[in-house]
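Q: Quick one: structure below, then a few questions.
The values are calculated or read from the model by the stated rules, or taken from the named source; none is laboratory data. Everything numeric here is computed off the predicted structure, so don't read it as measured data. Using ideal geometry, Cβ is built from the backbone for each residue, glycine included, and neighbour counts are taken over all protein chains shown.
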Amino acid sequence: MSLRPQKIEFDVVWGCLRQTVDKVLKLNRVERDDWNSSFTDVYTICVAFPEPLADRLYAETKLFLENHVKVQLEEFNCYRTENNDGENGQMMLHKYYSAWKNYSQGLEYLNYLYQYLNQQHIKKQKVSEAEILYGNGTTPLAISQEQMEIGELGLDIWRLFMIQNLGDILVKQILQGIERDRLENNLTSKDIETIHGVINSFVSVQDYKKKGSLHLYETLFEEKLLEASGSYFMSQASKLLQSCSVSQYMQEVIRVLDEENVRAHKFVHMNSVKKLKKECEDRMISDHKAFLYSECKEMVSNDKRDDLRNLYILLKPLQDGLKELIQILLEQIKNEGAESIMNLKGENVHIQFVENMLQVHQKYENLISETFKNDPLFLSALDKACASVINSKLSDGKTTCRSAELVAKYCDNLLKKSKSTESEIESKLSKSITIFKYIEDKDVYQKFYSRMLAKRLIHDQSINMELEEVMINKLKQACGYEFTNKLHRMYTDIGISVDLNNKFNQHLKNLNDELNINLSIKVLQAGAWPLGPQTNISFAVPQEFEQPIRKFESFYNSSFSGRKLTWLHHLCAGELKVSLAKKSYLITMQTYQMAMLLLFENCDSMSCKEVREMLQLSHDNFQKHLQSLIDSKILNLDTEKIEDASIISVNLEFSNKRTKFKITASLQKESPQQEVEQTITQVDEDRKLYLQAAIVRIMKSRKVLKHNALIQEILSQSKVCFAPSIPMIKKCIESLIDKQYIERTANSSDEYSYVA
Amino acid sequence: MKIKVKSWTSVAWWKWIANDENCGICRMAFENCCPDCSFAGDDCPLVWGHCSHVFHMHCICKWLNSQLNQQLCPMCRQTWRFNDR
């Protein structure tokens, strides 16, 4: 065999080739020799001398394929006229499917046989991929006249004759098949394969196209599928609606959705799966949203988790579908939360407040994780609801919100005298942080907490120093180090003081010195403790204490230079052994009371004036502490009221069953309510300073800023600590303008600039 | 009446002995730390000069390190000498 171009008789060569082509298409057996010589035939025709006859071969092959398909088509003629429901229709589908299977198979071989023609003759004329994709001016005419590879040509002919003519009938049959699957669910696996195969033929027949290969599938089949499915879903929905409750309806819809998903994967092209799902959701969920929502409130308030879970599954895919559900949940949490902390009364309001609120929080957190898959939208609704409940003003008409105070008190209570075990306390503290995080006025909490911490530390009321540290660290985690800085310093001061006492005792031992009393001293850093500026309380220290104080001061000054100690006698306490009426008592009391009693060691009576002048106590302090001693019946007073001329005398007939007891200052100078108000005003002052500092900081870096931008910046900076009110910010801006830190710019009324 | 003091728990606070409220270099209050520190007190101590001026130790050291020739007190321009007391 020669590869050289030679003169040939086209009809003879084509005659031979044609037989092979025929066999190939019918999937009959082809002898190896025939197959090989056919390759040569294609080649010789394409390179024929004097003129290549490729175009003629192409035309003849095209004609042959057309005829072949036309013959096939005729076999379907009977179906085109008759009514072909049920069995008959199925038959047609099977027949088409097997015809298509054979044809596409044969075509594949044929394409191989014509490879030379495809490669050498047709590829050369083909528009390049890039040109198709970017549509480089090629007119549709040019494309239609263009020659195609034989395989593609065959597919196109199939489309033109078979699908064009039978398409609508096929689609109708397919849809009937699918409907039967939906209603009766009795398709055999062969039926399923056929339907899938037929549908797939709509795709395969244009698969070779680079662009719009799904066009035929979409217009011929998909549109009708969606339409038919839509009306099926609609009728299904209305049927269900007549007989079902909301909860049953949701179960049914979920079942339908699942089935449809399986069905879609069974029959249709990937592209349609989503569209079909959407159609189903539209018809069965969106269209009946009002129905689904009709019992939503009740589901939430009765905690019907299964229903809620189903509702979530159904509404999640819809755009904004969950909005209403979230809103309903939010309202429910708000109401339940507000109810749980309303009308709290009695001694332990703080405990009830925190624990009730926690209960609500926990309940809904649990609900969200169990039924709503911890959806962030729901979690943020929970946060929003809790924050709004916790920061809302209590209904008793007071203007301030007490949450911060109550939570602080709750912690104080835990750390002071709870009988629970250490791990219990710790877990309760952790939970209190959950509530704490919702508080807007974190600075108020901080004030209260630090006052309570100070009291616990100074009066040795903490049940466990480790727990104190744990709690401070928890707060630090929640709000940052700035927030707990002072708390931490207070905590370390106590540790340092313990060391200091040990060193002092060692120091005394080294000097062979001894104190006549058992002394323990706490040394605090002035700036860190919320003790107020009470430095100048006048008091003449009794001589019993003078010596220890002097010794400690000299020890302290030798250890630390440049520090000045101030004694806070109103915070000190001690234990006295008092022998009275032949019995002795151990009495714990405050320093001022000790000093007063010590005066009576050697004399039995004295006038009030004398006592006060000796001790140099202020009027208030004197009255308060004297009264407590009188109340405890150790001292007697000869008048009803404490007056300068009144005579105080020792009660020589004093007797008490208990030999060990404690005297507390009876008249609390500050009632708790006053203390609270004082704390609030202090917080207000601190806030003003904080805001002013923030404004100056911002303006220093920005130089010029609009009013609104400045407000925004301030709000975002102060968010960690508290939520400042706009009037307060405005006041701060005014006062900074007065102090000439910033000024209004000349050309605009709502713009400020920094004054360097 | 016979009385014996068994024990006494006393509380005192300390402040720096300084002729000013604030550090002349960083303008922070002495009872707070310098801008580079996070804890006041022993972690951020004060130092006294012979000229009687007081600063955060960190602040004056930074100042002295930034001076090329002479070590002067930033307040009174006298030669800075630490007063160890």
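Q: Kindly indicate the residue of the range A:676-696 that is surrounded by fewer than 14 Cβ atoms within 10 Å (Cβ to Cβ) and not hydroxyl-bearing (Ser, Thr, Tyr) and also modelled with the lowest pLDDT among those meeting that condition.
A: Step by step, filter the range A:676-696, then rank; the result is A:Glu677.
Q: Would you mind telling me which numbered condition in (1) touching a Ser or Thr at 6+ places or on another chain (Cβ under 7 Å); (2) of a type outside the set (Val, Ile, Thr); (3) not assigned by TED's automatic domain parsing to the domain that holds A:Gly177 A:Arg4 fails?
A: Of (1) touching a Ser or Thr at 6+ places or on another chain (Cβ under 7 Å); (2) of a type outside the set (Val, Ile, Thr); (3) not assigned by TED's automatic domain parsing to the domain that holds A:Gly177, only one is false for A:Arg4: (1).
Q: Going by what's in this entry, would A:Leu318 be described as surrounded by fewer than 20 Cβ atoms within 10 Å (Cβ to Cβ), within 18 Å of A:Ser392 (Cβ to Cβ) and in the same structural domain as A:Ser369 (by TED's automatic domain parsing)?
A: Spelling it out, it is not the case that A:Leu318 is surrounded by fewer than 20 Cβ atoms within 10 Å (Cβ to Cβ), within 18 Å of A:Ser392 (Cβ to Cβ) and in the same structural domain as A:Ser369 (by TED's automatic domain parsing).
Q: So which residues in the range A:478-524 are in contact with a Leu (Cβ under 7 Å, 6 or more places away or on another chain) and not aliphatic (A, V, I, L, M)?
A: If the condition is that a residue be in contact with a Leu (Cβ under 7 Å, 6 or more places away or on another chain) and not aliphatic (A, V, I, L, M), then A:Phe483, A:Thr484, A:Asp493, A:Glu514 are the ones that fit.
Q: For the range A:292-341, what are the residues that are among the basic types (Lys, Arg), over 22 Å from the mean Cα position of the chain (by Cα) and outside any helix (DSSP H, G or I)?
A: Scanning the range A:292-341 gives a single hit, A:Lys304.
Q: Among the residues of the range A:507-546, what is the count of those that are at pLDDT 85 or above and exposed (fewer than 11 other Cβ atoms within 10 Å of the Cβ)?
A: 4
Q: Go through (1) in contact (Cβ under 8 Å) with a residue 40 or more places away in the chain; (2) under 22 Å from A:Leu637 (Cα atoms); (3) more than 7 Å from chain B (Cβ to nearest Cβ) for A:Met596 and report which single condition fails.
A: Evaluating A:Met596 over (1) in contact (Cβ under 8 Å) with a residue 40 or more places away in the chain; (2) under 22 Å from A:Leu637 (Cα atoms); (3) more than 7 Å from chain B (Cβ to nearest Cβ) leaves (1) as the failure.
Q: How do the pairs read when you match residues in the range B:69-85 that are within 14 Å of chain A (Cβ to nearest Cβ) with residues anywhere that are in a loop (DSSP other than H, G, I, E, B) and not small (Gly, Ala, Ser), using Cβ under 9 Å and keeping only pairs 6 or more apart or on different chains?
A: Filtered contacts from the range B:69-85: B:Phe82/B:His50; B:Asn83/B:His50; B:Asn83/B:Cys51.
Q: Taking helices (runs of 4 or more DSSP H) that fall entirely within the range A:363-473, which contain at least 3 residues that are farther than 29 Å from A:Lys486 by Cβ?
A: Counting at least 3 such residues, we get A:376-391.
Q: When you check A:Gln547 against the structure, is it free of Cβ contacts under 8 Å to residues at least 24 places away in the same chain, within 28 Å of A:Glu601 (Cα to Cα) and polar (S, T, N, Q), yes or no?
A: no
Q: Follow-up. So which of A:Val256, A:Val273 ends up being in contact with a helix residue (DSSP H, G or I) (Cβ under 9 Å, 6 or more places away or on another chain) and either crowded, with 17+ Cβ neighbours inside 10 Å or over 23 Å from A:Glu223 (Cα atoms) (or both)?
A: A:Val256
Q: Which residues, taken from the range A:522-552, are of a type outside the set (A, V, I, L, M, F, W, C) and facing chain B (nearest Cβ under 10 Å)?
A: A:Lys522, A:Gln525, A:Gly527, A:Thr535, A:Pro542, A:Glu544, A:Pro548
Q: Looking at (1) modelled with pLDDT of 85 or more; (2) crowded, with 19+ Cβ neighbours inside 10 Å; (3) not hydroxyl-bearing (Ser, Thr, Tyr); (4) not in a helix (DSSP H, G or I), which one does A:Leu617 not meet, given that it meets all the others?
A: Failed condition: (1).
Q: Between residues in the range A:202-213 that are in the same structural domain as A:Glu149 (by TED's automatic domain parsing) and within 17 Å of A:Ile163 (Cα to Cα) and residues that are among the small types (Gly, Ala, Ser) and surrounded by fewer than 16 Cβ atoms within 10 Å (Cβ to Cβ), which pairs lie under 7 Å by C-beta distance while being six or more apart or on different chains?
A: Going by the 7 Å Cβ cut-off, the qualifying pairs are A:Gln206/A:Ser213; A:Asp207/A:Ser213.
Q: Let me ask something additional. Hey, among B:Asp36, B:Asp20, which residue is within 14 Å of chain A (Cβ to nearest Cβ), within 30 Å of A:Ile494 (Cβ to Cβ) and exposed (fewer than 15 other Cβ atoms within 10 Å of the Cβ)?
A: The unique qualifying residue is B:Asp20.
Q: Taking the criterion of being touching a Gly at 6+ places or on another chain (Cβ under 7 Å) and more than 8 Å from chain A (Cβ to nearest Cβ), would at least one residue in the range B:48-65 satisfy it?
A: yes
Q: To continue, here is another question. Only one of (1) surrounded by fewer than 16 Cβ atoms within 10 Å (Cβ to Cβ); (2) assigned to a helix (DSSP H, G or I) is not met by A:Asn186, so which one is it?
A: Condition (2) is where A:Asn186 drops out.
Q: Now a separate question. What number goes with the only condition from (1) modelled with pLDDT of 90 or more; (2) buried (at least 19 other Cβ atoms within 10 Å of the Cβ); (3) of a type in the set (Phe, Trp, Tyr) that B:Trp63 does not pass?
A: Of (1) modelled with pLDDT of 90 or more; (2) buried (at least 19 other Cβ atoms within 10 Å of the Cβ); (3) of a type in the set (Phe, Trp, Tyr), only one is false for B:Trp63: (2).
Q: Among the candidates B:Lys4, B:Lys15, single out the residue that is basic (Lys, Arg), without any contact (Cβ under 8 Å) to a residue 12 or more places away in the chain and within 12 Å of another protein chain (Cβ to nearest Cβ).
A: B:Lys4
Q: Could you tell me how many of the residues in the range A:553-583 are in contact (Cβ under 8 Å) with a residue 40 or more places away in the chain, more than 60 Å from the chain's Cα centre (by Cα) and either assigned to a helix (DSSP H, G or I) or within 8 Å of another protein chain (Cβ to nearest Cβ) (or both)?
A: Residues that pass the stated criteria total 2.
Q: Right, here's the next one. Can you run down the residue pairs with Cβ atoms below 6 Å, 6 or more apart or on separate chains, where the first is in the range A:509-520 and within 12 Å of A:Ile549 (Cα to Cα) and of a type in the set (Gly, Ala, Ser) and the partner is surrounded by 14 or more Cβ atoms within 10 Å (Cβ to Cβ) and modelled with pLDDT of 85 or more?
A: A:Ser520/A:Asn501; A:Ser520/B:Thr9
Q: Given the options A:Leu226, A:Leu216, name the one that is at pLDDT 85 or above and of a type in the set (A, V, I, L, M, F, W, C).
A: The conditions single out A:Leu226.
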